[in-house]
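Shown next, in structure tokens, is the structure this report addresses.
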Amino acid sequence: RVEVTSGPGAAADLAVKAVELLRGSLLEVKVQHHASPDPVSPPPGDVRPLMATADRPSYFAERFGISAGVTALRNLDLAAAYAPALRISWGLPSGYLFRLTATGFGSSPTLYAVEGQAQTDQTVVLAEALHAFRPGARLQPFAGVAAGVQRVHSSGTGVSSLFPDDSGTTESAVAGLTGGLGIRLVSRLALVLDLDAFVSLPRTTILIATRPVGRAGGLAALATAGISATF
């Protein structure tokens with residue numbers, strides 16, 4: 001209902017009020033609100049440990065790995081020799097591990113006789129097939145078999161010209177057993193301690209002049225301590 005005053009401007013006044021009435025009753029004003037994104041809630045407490053370990057492999061030597069350490073090689077008839085060691089490895093999610101170990105260029109046990117002395121250098125290269133246990137644990141024992149080559153180089157020095165200096169090199173086949181422990185430090189870094197017990201044949205007899213002063217090969221033990229990183 002629109003009320004207007006009488007007079008010459010009544011028609012114009014009615015038209016203006018009618019337009020205002022229609023505009024006010026029929027016009028829709030749409031207001032768009034920009035919805036703010038829902039805040040990201042933190043994961044539940046029981047899920048966070050699983051997320052933190054999602055990238056952590058089950059075994060200390062899983063995937064490609066490289067290791068550096070030190071070894072002690074002990075033959076039954078020869079003093080212990082200490083040397084650096086280098087390893088490369090490939091570990092499977094099932095716990096099987098294939099490893100190549102090389103050690104050498106370390107200390108040289110010296111043998112003596114009245115005719116002179118001899119220094120003995122030993123190099124050992126082993127191919128190993130291992131299996132680790134206790135997946136996901138901090139301490140993971142492992143065991144396996146090994147095969148390879150042992151190289152023995154001896155160089156002798158005589159006490160006089162009657163006993164000239166001489167040297168010689170031999171190689172022997174190696175076969176044995178391996179056991180040890182992987183200690184996980186972080187996700188992809190571990191301290192690895194292991195012991196190889198093997199037999200190398202044929203044995204090498206070391207002579208000064210014609211006198212046997214020692215033998216390399218036969219039953220031997222190789223202890224290794226190193227740091228292993230996987231990628």
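Inside region 195-218, residues that are open to solvent by less than 20 Å² (accessible area, probe 1.4 Å), within 26 Å of Thr178 (Cα to Cα) and of a type outside the set (Gly, Ala, Ser) make up a count of 3. Examine region 48-63 for a residue that is modelled with pLDDT under 95, acidic (Asp, Glu) and exposed (fewer than 15 other Cβ atoms within 10 Å of the Cβ), and state whether such a residue exists. Yes, that holds for at least one residue.
Test Arg74 against the stated conditions and say whether it is open to solvent by less than 60 Å² (accessible area, probe 1.4 Å), modelled with pLDDT of 95 or more, closer than 30 Å to Asp121 by Cα and charged (D, E, K, R).
Numbers: open to solvent by less than 60 Å² (accessible area, probe 1.4 Å): no; modelled with pLDDT of 95 or more: yes; closer than 30 Å to Asp121 by Cα: yes; charged (D, E, K, R): yes.
The answer is no for Arg74.
If you take the residues in region 9-30 that are open to solvent by 100 Å² or more (accessible area, probe 1.4 Å) and outside any helix (DSSP H, G or I), which one is modelled with the highest pLDDT? Checking each candidate, the answer is Leu27.
Residues in region 99-150 that are hydrophobic (A, V, I, L, M, F, W, C) and under 30 Å from Leu207 (Cα atoms): Ala102, Phe105, Leu111, Ala113, Val114, Ala118, Val124, Val125, Leu126, Ala146, Ala147, Val149.
Every residue in region 84-101 that is assigned to a strand (DSSP E or B) and touching a residue at least 24 places away in the same chain (Cβ under 8 Å), please.
Answer for region 84-101, where residues must be assigned to a strand (DSSP E or B) and touching a residue at least 24 places away in the same chain (Cβ under 8 Å): Ala85, Arg87, Ile88, Ser89, Trp90, Gly91, Tyr96, Leu97, Phe98, Arg99, Leu100, Thr101.
The values are calculated or read from the model by the stated rules, or taken from the named source; none is laboratory data. Remember, it's a predicted structure, so these values are computed and weren't measured experimentally. Backbone-built Cβ (ideal geometry, glycine too); neighbour counts: all protein chains shown. Note: areas computed on protein heavy atoms with side chains; ligands, DNA, RNA excluded. Shrake-Rupley method; radii C 1.70, N 1.55, O 1.52, S 1.80 Å.
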